[in-house]
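Taking it in order: structure first as structure tokens, then the write-up.
What follows draws every value from the coordinates through simple rules; no lab data is involved. The structure displayed is predicted, hence computed values, not measured ones. So basically every Cβ, Gly included, is an ideal-geometry build from the backbone, and we count neighbours across all protein chains shown.
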Amino acid sequence: MPLLVVSTEGSPKRSKAEMEALRGAKGVSKFIEVPGALLPQEEYPTIVAEELYKFLQENFESNN
């Protein structure tokens, strides 16, 4: 199952370290950083939606 991790460029230090630990984690197929600090889906919903859409297309689009 493909797994997308969305991190933020301005995360607090501890949160940033936890997210960075996921960057190379087994099973993570894509890691992206978007603007923002804590809640990118609220701060930059369009960017998050576009990235999610691209990820879903790349991984689940039918070849029909």
- request: Can you quote the Å³ per residue value for the convex hull of the Cα atoms in region 4-58, rounded to an integer?
  value: 61
task: Sum -39500 (n - 2.57) across every DSSP H segment of at least 4 residues in the chain, then divide by the residue count to get the 222 nm mean residue ellipticity, nearest 500.
output: -14500 deg cm²/dmol
query: Once phi is turned into ³J(HN,Hα) by the Karplus curve 6.51 cos²θ - 1.76 cosθ + 1.60 with θ = phi - 60°, what whole-Hz value does each residue of region 16-23 show in order, with x for glycine and proline?
result: 4, 4, 5, 5, 5, 5, 7, 3
task: Taking the Cβ of each residue in MET19, MET1 as the centre, tally the other Cβ atoms inside 10 Å and list the residues starting with the fewest.
output: MET1, MET19
message: Suppose R0 equals 22 Å. What FRET efficiency, 1/(1 + (r/R0)^6) with r the Cβ-Cβ distance, do ALA17 and ALA37 give to the nearest 0.05?
response: 0.90
